[in-house]
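Read through the structure below, which is laid out as structure tokens, and then see the notes.
The values are calculated or read from the model by the stated rules, or taken from the named source; none is laboratory data. Just so you know, these numbers come straight off a predicted model, no measurement behind them. All Cβ positions, even for glycine, are placed from backbone atoms using ideal geometry, and neighbour counts span all protein chains on display.
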Amino acid sequence: MVDKLESSFDCIKLSVPNKAEYVSVVRLTTSAIASRMGFDIEEIEDIKVAIAEACTNTLKNGLNSEKENFDIEFDMYMDKLVITVKGIGKEINTDNITELKVEDFGEGNLGIFIINSLMDEVNIASDGDNGTEIRMIKYMRDDII
């Protein structure tokens with residue numbers, strides 16, 4: 001998890017209607033943020049797929065009704081982008097998620113497998129009353145030529 005004492009240099013918070021048509025807005029926002037930070041096109045595409053999977057999971061399993069919003073937070077550090085999606089209703093079992101193979105996942109958890117394979121770190125925390133949040137981290141690469 002991200003150290004609470006570590007402060008980001010910028011933070012953007014979105015509150016998104018619990019409707020599928022807004023996932024494209026989240027993807028575009030994510031793309032702009034990642035591009036501004038200096039991620040390359042392949043990394044940006046990976047991040048966009050991961051955020052879309054997290055949003056889709058929220059839409060399917062969220063505590064929120066269609067009239068409510070779910071929240072996304074982008075914390076931008078010098079060396080990484082941390083994205084937190086809050087509002088997923090159903091608890092997600094993450095035991096040994098990094099050791100499982102794609103065939104071990106049911107249809108409902110395949111998105112978590114995809115997110116885990118595209119991002120550098122994935123943390124999932126469930127709280128029965130407040131739902132589940134997915135925190136995804138993508139580190140900046142040090143490309144030395």
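For Ile97, work out the one condition from (1) modelled with pLDDT under 90; (2) loosely packed, with under 15 Cβ neighbours inside 10 Å it doesn't fulfil.
(2)
Please tell me if Ser31 is touching an Asp or Glu at 6+ places or on another chain (Cβ under 9 Å) and in a helix (DSSP H, G or I). Walk me through how you get there before you give the answer.
Working: touching an Asp or Glu at 6+ places or on another chain (Cβ under 9 Å): yes; in a helix (DSSP H, G or I): yes.
It is true that Ser31 is touching an Asp or Glu at 6+ places or on another chain (Cβ under 9 Å) and in a helix (DSSP H, G or I).
When you go through Met76, Met136, Met119 one by one, which is the residue that is aliphatic (A, V, I, L, M), at pLDDT 85 or above and more than 11 Å from the chain's Cα centre (by Cα)? So that I can check it myself, show each step before the final result.
Details: Met136 fails: more than 11 Å from the chain's Cα centre (by Cα); Met119 fails: more than 11 Å from the chain's Cα centre (by Cα).
Exactly one of Met76, Met136, Met119 is aliphatic (A, V, I, L, M), at pLDDT 85 or above and more than 11 Å from the chain's Cα centre (by Cα), namely Met76.
Can you run down the residue pairs with Cβ atoms below 7 Å, 6 or more apart or on separate chains, where the first is in the stretch 17-30 and closer than 19 Å to Met76 by Cβ and in contact (Cβ under 8 Å) with a residue 40 or more places away in the chain and the partner is of a type in the set (A, V, I, L, M) and part of a helix (DSSP H, G or I)?
Val26/Ile51; Thr30/Ile47; Thr30/Ile51
Name every residue in the stretch 57-73 that is modelled with pLDDT of 95 or more and of a type in the set (A, V, I, L, M, F, W, C), in order of residue number.
So in the stretch 57-73, the residues modelled with pLDDT of 95 or more come out as 72-73.
The answer is Ile72, and nothing else.
Scanning the stretch 100-116 for residues that are of a type in the set (Gly, Ala, Ser) and at pLDDT below 80, which turns out nearest to the chain's Cα centre (by Cα)? Walk me through how you get there before you give the answer.
The initial filter retains those residues of the stretch 100-116 that are of a type in the set (Gly, Ala, Ser), namely 106, 108, 111.
If we keep only those that are at pLDDT below 80 as well, we get 106, 108.
On the way: Gly106: 20, Gly108: 16 Å.
Looking at the filtered set, the residue picked out is Gly108.
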